[in-house]
Structure formats: C-alpha cells, structure tokens
Amino acid sequence: MFKPNFKYTNKIVKNLTAITASRTFIMNARLIPKWGVKLRREAVLKSAHSSTAIEGNPLSLGEVSNLAAGRDIMVSRKDKQEVLNYLQALGMLPDFAKRNPFTVKDFLKIHKIVTDKTLENPRDEGVLRNREVFVGNKFTGEVVFKPPSTDKVPLLVDDFLNWFNSTEVNEIDSVLHAGITHYEIVRIHPFIDGNGRTARVMATMVLYRRGFDVKRFFVLDDYYDSDRRNYYKALKNVNQETRELTGWLEYFTEGVALSTKAVEKKVIGLSKDIKFLKEKGQIALTERQIRIIEYIVQNGRIRNRDIRDMFGISDRAALKEIRKLLDLKVVKTEGKGRNLSYILM
C-alpha cells in the first residue's frame, strides 16, 4: 500500500501551529449567519477562480462571481464550462466527503464533473488515461516531470485510495493529509487532463472530511495561483526516486497558514464591536439552512416555493425549514398571503 515519505521539520511544525491558532479563533469566533455565508461564498468563488486560473483559464474573479450568480458573460464556451464545473464539484464536496470508503468510481466521478464538456476528446472525461503524458508548466513550456507509465496507473490509484481510506491517515495531521493527497494525484497523473483541478478538489475535500473546514471558509488555491512559478517548482523538486515530500509539505502548509490567517483577519474585521454578537454569539446552521441563507443573500428574499424547488420537498417540509430560521431569529417575514417572503433579520 502507498505510504507517504516525509519528516516533520521546524518549518512544518511552525506552519501547523499557526494554522491551529487561526483555525481555533475562526471556529470559536462570533459570527451571525449572514457573515458566515459571505465568507463561505467568497471562499468558493476564489477557489473556482484560482484553481482554473492555474491551468490557464482567463476569467477574472468578477466574471466567476457573475457566472456563479447565473449571469451570462462574454467568454469562450470552454472557459465558462471549466469554471462552472469547478463550482459544481465544490458544491458536491459534502456529499463526496460522506462516502466511506471513497472508491475509484467516486474519484472518477469528481474528474468527470471537473472536466465535463471541456476536453478535446469527451471519452477522456471521468476515465483513467490510456496513453502516456508529460507534466509541464503551461506558462513556461517547461517539463516538470514524466508521470508513471499508463499501465501502472490503475494499480497506483488503487494503492493510493487504500491509503486514503485507511485508519492510518487519522494519525496524520489533516493538513498534511490534504497536502499528500494533492501531490500523489499530481504525481500519478491518472487522467489525460484535469489532474491539477482534481487534486485540488480532493485536497479541499480532505479538509472538510477530517472536520478541519466544516464551515468551508478556507481557500487553498489562491496561494498557489498567486505565485504559479513556486507552485510548479515545489511540485518539481520532489525527488522521484525517494518521493520525499518534506519540501512540498513545507510549501503546502505555508499556503494553508496564510489562507487561515487571511480568514482570521476577515473575521476580526466583521465581528469588531458588534453588539448583536455579544448578546447572541454564534448560531449553528444545518446544510439546508445555509443554502437558504445563501439564496437570500444572493436574491434578497426567498419564498416557500423557492425552498420547495431547491430541495424537492413538500410545502409542509419547506415551511418546517423556514420555521427553524424564524425561531432562531435569523430571518423574518415580509408581506402577506401570496406575497409572503422571508428576508434576513
């Protein structure tokens, strides 16, 4: 079975300590739901923008935001589809994170979502590669490394997923687990294209699955996109004979440390001197309640039929969901009868 090779250095320990301090502050900070939704939405948009930009997608963060809001933009079909695919993959992370064991079929499904309608040959979407490839920097043309031969890919993927699903990974810090996952997928390069995006989705899923980022506030991809040269350099510098990951994990944990610190600063800015928070503290919401709040943030209000359509539930079940938010004093009613809707407090 695959076994990662790395050692704890002063830099890794320092980064993990900083990450723990920022994460602890964020998870215990006082936030009203509207702010939590704002942070989560920003993280999703930045992740989709940065992860696709690393691969050469030209869309700006503003254009990604418009796409996520359902607005059309004047860009190529492929560029638009890549971003929409990544947004869809991020939206499905909670579902994928529940799958235990996480199977090859699940792995292929993530790749299919990420690459849907974007590859030159549609038959390469959601399947392991059937020919040799080279890993290169698309911006410099430099060959980073040659992945394992095609005939070895199925066995390497099986070995990796056996480790991924093992109890052994629980003994590794969740951030290191994410970093190892990211690198090993890129190293195996199991697909013709979309390996980087699939690796970053998987790494993000690890942090959610391990309970590190249950609120989904953190952005891994932004750090890599901000300095692509060092991203490719960190990947390239792993010795392919020993596969010693210490240098890569120093780089990876530094990125997570900067990401968590950035969120911490935002939380401090949002929660400074707010009387409401001193009285109520944090309010825990379910996944459905968060989606309802996200809809209101995006559209200004929500109606009972919107909730029905969103979850495919009955009128009575939709009313039950909104009553929970009314009881928590997160939303309030506006209008009457057929014009009744719900807005944020």
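The table below lists the values:
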quantity: Acute angle (nearest 10 degrees) that the helix 174-188 long axis makes with the longest principal axis of the chain, alpha-carbon atoms; calculated: 50 degrees
quantity: Trypsin sites (Lys or Arg not before Pro) restricted to DSSP loop in the stretch 45-89 with at most 10 other C-beta within 10 Å; calculated: Arg71
quantity: Cα long-axis angle, helix 287-299 against the chain (0 to 90 degrees, to the nearest 10); calculated: 70 degrees
quantity: Signed unit charges on C-beta, dipole axis of the chain, positive-most listed residue Pro58, Phe218, Val297; calculated: Val297
quantity: Contact order relative to length of the chain, as percent, for alpha carbon pairs under 8 angstrom and 6 or more apart; calculated: 25 percent
quantity: At most 16 other Cβ within 10 Å, DSSP loop - trypsin sites (Lys or Arg not before Pro), the stretch 128-214; calculated: Arg131, Lys138
quantity: Radius of gyration and maximum dimension Dmax of the stretch 145-192, Cα, Å; calculated: 11.5, 33
quantity: Nearby aspartates and glutamates by direct alpha-carbon distance to Lys266 (threshold 12 angstrom, same-chain neighbours under 8 apart not counted); calculated: Glu42
quantity: Charge dipole of the chain about the Cα centre (unit charges at C-beta), most positive-ward option of Met202, Gly70, Asn170; calculated: Gly70
quantity: Distance violations [Cα-Cα > 22 Å] among Lys3/Lys112; Lys38/Lys112; Lys3/Lys152; Lys105/Lys236; Lys11/Lys146; calculated: Lys3/Lys112; Lys38/Lys112; Lys105/Lys236; Lys11/Lys146
quantity: Global size of the stretch 285-344 as Cα Rg and Dmax, reported in angstrom; calculated: 10.3, 28
quantity: Of Phe160, Val127, Ala257, farthest towards positive along the dipole that unit charges on Lys, Arg, Asp, Glu beta carbons give the chain; calculated: Ala257
quantity: Rounded to 10°, Cα long-axis angle of helix 104-115 versus longest principal axis of the chain; calculated: 70 degrees
quantity: Summed side-chain charge close to Gln81 - residues other than Gln81 whose Cβ falls under 9 Å, Lys, Arg +1, Asp, Glu -1; calculated: +1
quantity: Whole-Å distance, taken between Cα centres, linking the stretch 47-81 and the stretch 1-23; calculated: 32 Å
quantity: Quotient of C-alpha Rg and 2.2 N^0.38 Å, computed over the stretch 1-127; calculated: 1.30
quantity: Relative exposure of Glu82, Glu287, judged by other C-beta atoms within 10 Å (fewest first); calculated: Glu287, Glu82
quantity: Isotropic mean projected area of the C-alpha convex hull, the stretch 61-131 (nm²); calculated: 5.7 nm²
quantity: Of every Cα-Cα pair in the stretch 104-213, the percent that sits beyond 17 Å; calculated: 55 percent
quantity: Most mobile listed residue (Phe311, Phe218, Phe145) in the chain, GNM with C-alpha springs under 10 Å; calculated: Phe311
quantity: In the stretch 32-115, chymotrypsin sites (Phe, Trp or Tyr not before Pro) in a DSSP loop with at most 16 other beta-carbon atoms within 10 Å; calculated: none
quantity: Principal semi-axes in Å for the stretch 10-270 [√(5λ), Cα gyration tensor, largest first]; calculated: 27, 23, 18
quantity: Exposure proxy order (Cβ contacts within 10 Å, fewest to most) of Met202, Met27, Met1; calculated: Met1, Met27, Met202
quantity: Under the Karplus curve 6.51 cos²θ - 1.76 cosθ + 1.60, θ = phi - 60°, whole-Hz ³J(HN,Hα) for the stretch 153-159, x wherever Gly or Pro sits; calculated: 4, x, 5, 5, 5, 4, 4
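Throughout, read-outs are computed from the coordinates displayed, never taken from laboratory work. None of the values given here were measured: they were computed from a predicted structure. Cβ: placed from backbone, ideal geometry, glycine included. Neighbour counts: every protein chain shown.
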